[in-house]
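Report on one structure; see the data block that follows.
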Amino acid sequence: MNPRDKTYSSSIEEATNYMEWLADMARPHLGERVLEVGFGHGALNRKLGPFKEYLGVDLDDDAVEQARQTHPGEEYLAADIAGQRFTEALGERRFDTILCYNVLEHVPDDAAALGNMMRALRPQGRLVLFVPAMPTLYGDLDRLAGHHRRYTLSVLATLLSDLGSVVRLEYVNPLGGIGWWANSFRKHRSLDSASVNWQICVFDKYGVPLSRALTPLFAKFFGQSILCVVKK
């Protein structure tokens, strides 16, 4: 997929309950120096910052330039997290925390991307990953988003086995998983359709509080996404 193609729905920017949930997952693992990979619409950064040091990285040159203009007080860099020169692009800087939310599934060589991100961490630093779960849920919405794959706990654990210590690995958002499954029975032509955006708004208002409460019960076997935290 062309990196300039939109890979998320516009309503996700206003999904305040969902974005707060994502931020709550990251907060216990944040350090002073943060690298955010694939900053998207920037809602996560706004909820978590400011930081002593922040760098946003994205593959899309246009997104980086727009972010620089919109947020001149922050630093942004165009770079390929799976590329051989990713760590060179960072120079000598290393980070306490790397946030990688809904990005790894877009990368053809996810193993290379994980290795690069772990090398960009300081000793004892943490990589916070959030990826789509359950390959059986893969459908039109994944294809429109440019997803190469969805993950299981075991697959992700294998990818990370030689890179660091996994301190948290669990499924999250079981109601979202059911909704994603239900959407597999419908034909979708755009992530930004009225139907998809309506579903996001309704789920954010009514579904997120319930799904947050249910997640601990389903954490080992089902969810729309996986939260993974790896310590270097």
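The values are calculated or read from the model by the stated rules, or taken from the named source; none is laboratory data. Fair warning: this is a prediction, and the values are worked out from it, not measured in the lab. Neighbour counts run over all protein chains shown; Cβ positions are idealised from the backbone, glycine included. Heavy atoms of the whole protein, side chains included, go into the accessibility calculation; ligands, DNA and RNA do not. Shrake-Rupley method; radii C 1.70, N 1.55, O 1.52, S 1.80 Å.
Take the residues in the stretch 131-151 that are part of a loop (DSSP other than H, G, I, E, B) and not basic (K, R); name whichever of them is nearest to R186 (Cα to Cα). Result: G139.
Taking the listed residues F51, F86, F95, the one that is out of contact with any helix residue (DSSP H, G or I) (no Cβ under 7 Å at 6 or more places or on another chain), surrounded by 20 or more Cβ atoms within 10 Å (Cβ to Cβ) and not hydroxyl-bearing (S, T, Y) is F95, with no other qualifying. Inspection of the stretch 133-146 identifies no residue that is among the basic types (K, R), out of contact with any Phe, Trp or Tyr (no Cβ under 7 Å at 6 or more places or on another chain) and touching a residue at least 24 places away in the same chain (Cβ under 8 Å).
The condition (being within 20 Å of L44 (Cβ to Cβ), in a helix (DSSP H, G or I) and either over 14 Å from the mean Cα position of the chain (by Cα) or charged (D, E, K, R) (or both)) is satisfied by just one residue among E170, E88, E105: E105. Answer with yes or no whether L227 is over 30 Å from R33 (Cβ atoms), within 18 Å of the chain's Cα centre (by Cα) and buried (at least 19 other Cβ atoms within 10 Å of the Cβ). The answer is no for L227.
Yes/no per residue for (1) among the acidic types (D, E); (2) buried (at least 21 other Cβ atoms within 10 Å of the Cβ); (3) in contact with a Pro (Cβ under 6 Å, 6 or more places away or on another chain); (4) on the phi > 0 side of the Ramachandran plot:
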residue	(1), (2), (3), (4)
D24	yes, no, no, no
V37	no, yes, no, no
N45	no, yes, no, no
G56	no, yes, no, no
N102	no, no, no, yes
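When each of L77, L35, L30 is tested for being touching a Phe, Trp or Tyr at 6+ places or on another chain (Cβ under 7 Å) and at pLDDT 90 or above, the lone residue that passes is L35.
Cβ-Cβ contacts under 8 Å between residues 6 or more apart (or on different chains), taken from a first residue in the stretch 198-216 that is over 26 Å from H188 (Cα atoms) and at pLDDT 90 or above to a second residue that is β-branched (V, I, T) and open to solvent by less than 90 Å² (accessible area, probe 1.4 Å), are listed as T215/V172. Of the residues making up the stretch 151-197, those that are without any contact (Cβ under 8 Å) to a residue 24 or more places away in the chain and either of a type in the set (F, W, Y) or buried (at least 19 other Cβ atoms within 10 Å of the Cβ) (or both) number 1. What single numbered condition from (1) touching a residue at least 40 places away in the same chain (Cβ under 8 Å); (2) closer than 17 Å to V230 by Cα; (3) crowded, with 20+ Cβ neighbours inside 10 Å fails to hold for N116? Answer for N116: the failing condition is (1). Across the stretch 64-79, which residue is least open to solvent (accessible area, probe 1.4 Å) among those that are in a helix (DSSP H, G or I) and free of Cβ contacts under 8 Å to residues at least 24 places away in the same chain? Checked the stretch 64-79; the qualifying residue least open to solvent (accessible area, probe 1.4 Å) is V64.
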